[in-house]
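The values are calculated or read from the model by the stated rules, or taken from the named source; none is laboratory data. Not measured: the values here are computed from a predicted model. With ideal geometry, Cβ positions are generated from the backbone for all residues, glycine too; neighbour counts draw on all protein chains shown.
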């Protein structure tokens with residue numbers, strides 16, 4: 001009798017409720033609704049970023065209009081470059097070990113006529129750079145913020161030395177700290 005009572009209790013617990021038919025189960029909802037929406041969204045985003053939708057969105061027309069509106073001397077194709085001689089300077093250090101900076105710099109000029117004017121003052125530019133670079137410590141050159149400060153300071157010094165010739169940027173071709 002005890003066995004029958006235990007069997008009845010287990011039978012009550014093991015009864016499986018029947019699911020109502022007609023609604024979408026969780027797996028079917030994911031398979032037939034959510035998955036196609038994600039695939040279409042991912043495919044559309046991929047087509048947008050790869051540029052397949054540019055002709056449909058009219059992006060090429062806007063780019064062509066933007067090139068016409070660009071001021072002369074601001075596009076990359078109209079830039080002129082002048083390479084300064086490679087410089088090797090010792091940096092300030094706290095210990096006995098000397099630290100050196102080897103740097104190659106190119107100047108970006110707005111006008112082609114500026115190249116000859118800058119060539120005539122290269123000794124003055126190199127002197128200004130040498131004096132400034134010798135006063136630097138290794139800590140001053142660490143990270144992208146340090147390099148940006150160096151770029152801004154060198155740009156200021158080259159524009160001061162060039163006296164009126166507009167140098168738009170200082171480009172680092174090579175930089176080695178030892």
key: Residue tally, condition touching a residue at least 40 places away in the same chain (Cβ under 8 Å) and in contact with a helix residue (DSSP H, G or I) (Cβ under 6 Å, 6 or more places away or on another chain), over the range 110-127   = 3
ask   = In the range 143-167, which residue that is buried (at least 17 other Cβ atoms within 10 Å of the Cβ) and not in a helix (DSSP H, G or I) is modelled with the lowest pLDDT?
value = 165
